[in-house]
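Structure record follows, encoded as structure tokens.
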Amino acid sequence: MPTMKLAGNLFLVGLMGAGKTTVGRALARRSGKTFYDSDYEIEQRTGVRIATIFDIEGERRFRERETQVITELVQQQDIVLGTGGGAILSPLNRQLLARHGTVIYLRASIDDILTRTQHCTNRPLLQTADPRAKLEALFTERDPLYREIADIVIDTSQQNVNLLVCQLEERLARLQGPPPEASKHENP
């Protein structure tokens, strides 16, 4: 049952393992919105895992598929969308996300991301001898791009999901302002 009505679409960006899917599902449930995960949508359409797409077609073709999915999803109403960590590499994706909803950057420490992803085999960019170095490089490259389009930046490191969603709801409510009926009564 929704606890708070938030207007418009909510788009979650951040590095892999920052909590976009977990937080996105909880936020959608509490706000009465539909949750989508762009990576999951790509897997459903292709019938294979993201890692397989990377292996067979390469990252460039995967990014093209990602842009196609994001282009379609942002046209919907009242959704929460968890994007892939690299979705913001495309200027078109950044533009689409910024134009069609509120962008929330979920930021986590490298240590937390390593802990959350250490047993995951479906993260092609982390299938390397030094995952920490890879994550640090990704953070350096992507953090400015996440910040460029973010309406809200929130730290997900070592936070309870329910508490995090409550904090997000409060920040989103402040960002959206009071409902029209409330503002009429406040200024007679």
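Read-outs: derived from the displayed coordinates by stated rules, not from any lab. The model shown is predicted, which means the values in this text are computed figures rather than measured ones. Glycine gets a Cβ as well: all are built from the backbone with ideal geometry, and neighbour counts include every protein chain shown.
Hey, among the residues in the range 141-166 that are assigned to a helix (DSSP H, G or I) and under 21 Å from THR115 (Cβ atoms), which one's nearest to the chain's Cα centre (by Cα)? Reasoning before the result, please.
Of the range 141-166, the ones assigned to a helix (DSSP H, G or I) are 141-149, 161-166.
Next, from what is left, pick out any that are under 21 Å from THR115 (Cβ atoms): 142-143, 146, 161-165.
On the way: ARG142: 13, ASP143: 13, TYR146: 10, VAL161: 14, ASN162: 17, LEU163: 18, LEU164: 14, VAL165: 13 Å.
Taking the candidates together, the pick is TYR146.
When the residues of the range 153-168 are filtered to those that are among the hydrophobic types (A, V, I, L, M, F, W, C) and surrounded by 17 or more Cβ atoms within 10 Å (Cβ to Cβ), the one that is nearest to GLN95 (Cα to Cα) is ILE154. Residues in the range 74-94 that are of a type in the set (A, V, I, L, M, F, W, C), in a helix (DSSP H, G or I) and crowded, with 20+ Cβ neighbours inside 10 Å: ALA87, ILE88.
Is at least one residue of the range 72-79 acidic (Asp, Glu), free of Cβ contacts under 8 Å to residues at least 60 places away in the same chain and more than 24 Å from ALA28 (Cβ to Cβ)?
Let us first name the residues in the range 72-79 that are acidic (Asp, Glu), namely 72, 78.
From the residues that got through so far, the ones that are free of Cβ contacts under 8 Å to residues at least 60 places away in the same chain too are 72.
From what is left, the residues that are more than 24 Å from ALA28 (Cβ to Cβ) are none.
Scanning the range 72-79, I find no residue that is acidic (Asp, Glu), free of Cβ contacts under 8 Å to residues at least 60 places away in the same chain and more than 24 Å from ALA28 (Cβ to Cβ), so the answer is no.
Name every residue in the range 43-60 that is more than 14 Å from LEU89 (Cβ to Cβ), among the basic types (Lys, Arg) and in a helix (DSSP H, G or I), in order of residue number. Within the range 43-60, ARG45 is the sole residue that qualifies.
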